[in-house]
1. I'd like to check which helices (runs of 4 or more DSSP H) are fully inside the stretch 58-152 and have at least 2 residues that are free of Cβ contacts under 8 Å to residues at least 24 places away in the same chain, out of contact with any strand residue (DSSP E or B) (no Cβ under 7 Å at 6 or more places or on another chain) and closer than 18 Å to residue 4 by Cα.
2. Yes or no: residue 70 within 18 Å of residue 138 (Cβ to Cβ), out of contact with any helix residue (DSSP H, G or I) (no Cβ under 7 Å at 6 or more places or on another chain), modelled with pLDDT of 85 or more and surrounded by 12 or more Cβ atoms within 10 Å (Cβ to Cβ)?
3. So, in the stretch 1-32, exactly how many residues are assigned to a loop (DSSP other than H, G, I, E, B), in contact with a strand residue (DSSP E or B) (Cβ under 7 Å, 6 or more places away or on another chain) and farther than 19 Å from residue 135 by Cα?
4. As an exercise: evaluate residue 153 against (1) closer than 23 Å to residue 47 by Cα; (2) in contact with a helix residue (DSSP H, G or I) (Cβ under 8 Å, 6 or more places away or on another chain); (3) modelled with pLDDT of 85 or more and give the number of the one condition it does not meet.
5. List the number of the failed condition for residue 114; all other conditions in (1) closer than 26 Å to residue 151 by Cβ; (2) at pLDDT below 90; (3) loosely packed, with under 15 Cβ neighbours inside 10 Å hold.
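The values are calculated or read from the model by the stated rules, or taken from the named source; none is laboratory data. Since this is a predicted model, take the numbers as computed values, not measurements. Heads up, the Cβs are rebuilt from the backbone with ideal geometry, glycines too, and the neighbour counts pull from every protein chain shown.
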C-alpha cells in the first residue's frame with residue numbers, strides 16, 4: 001500500500017478561483033507535498049487486485065486511510081508501505097503487522113515483502129494519465145476505476161475482451177448521467 005500525488009486540476013473550468021490557471025499542466029507553487037496536490041491511495045495484493053481512490057488534498061492521514069480502506073482490511077493482513085507515519089499508527093491501532101520501506105532505495109525488500117509492485121502500478125498509472133494531458137480532479141476517481149479495468153484485462157483490445165467488458169458493464173446498475181457528472185464538484 002502506498003500513496004501517490006497528482007496536481008490539483010480544474011481542467012475545463014472557465015473561471016478558476018483561488019489561483020491563476022496553470023498553462024499546459026504547469027507545476028505547483030510550493031515544493032514537496034502540499035495542499036495543491038491530491039492524494040491517491042493505491043493498495044495492491046499479490047494476486048494483482050488493486051484498490052485506488054482519491055483521499056483528499058495534501059498529506060495522507062490515518063483517518064482518511066481508515067475511511068477509505070478500513071472496511072477491506074483485517075488484523076490478519078500484513079501491510080507493506082513506505083515510511084510515512086500514518087501507515088504505522090493505523091497498523092498499530094488495528095493490530096496489523098507492517099513492513100515499512102524508506103524511499104531512499106537502499107533497502108527494497110525484507111524477505112518476501114516489498115512495495116515494488118505498487119510503485120510500478122504508480123508509474124503505469126501516471127504514464128497512462130499523462131496521455132490525457134492531465135484530467136480534472138473531480139473526474140480522477142473515474143479515471144482510476146477505468147485504469148483498474150484496463151489493468152485487469154492486461155490492456156488487451158481484442159473483440160472477445162471488449163464484448164465481455166460491455167456485457168459486464170451493463171450488469172452494474174449506475175445512476176450517474178452525463179449531467180450529474182458534469183455538474184459534480186471534487187469532494188472527499
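1. On the way: elements: 62-69, 85-94, 116-130, 140-152.
Correct list: 62-69, 116-130, 140-152.
2. Working: within 18 Å of residue 138 (Cβ to Cβ): no; out of contact with any helix residue (DSSP H, G or I) (no Cβ under 7 Å at 6 or more places or on another chain): yes; modelled with pLDDT of 85 or more: yes; surrounded by 12 or more Cβ atoms within 10 Å (Cβ to Cβ): yes.
No.
3. Within the stretch 1-32, the subset assigned to a loop (DSSP other than H, G, I, E, B) is 1, 8-22, 26-32.
From the residues that got through so far, the ones that are in contact with a strand residue (DSSP E or B) (Cβ under 7 Å, 6 or more places away or on another chain) too are 1, 8, 28.
After this cut, where a residue has to be farther than 19 Å from residue 135 by Cα as well, the list is 1.
Here the count works out to 1.
4. Answer for residue 153: the failing condition is (3).
5. Failed condition: (3).
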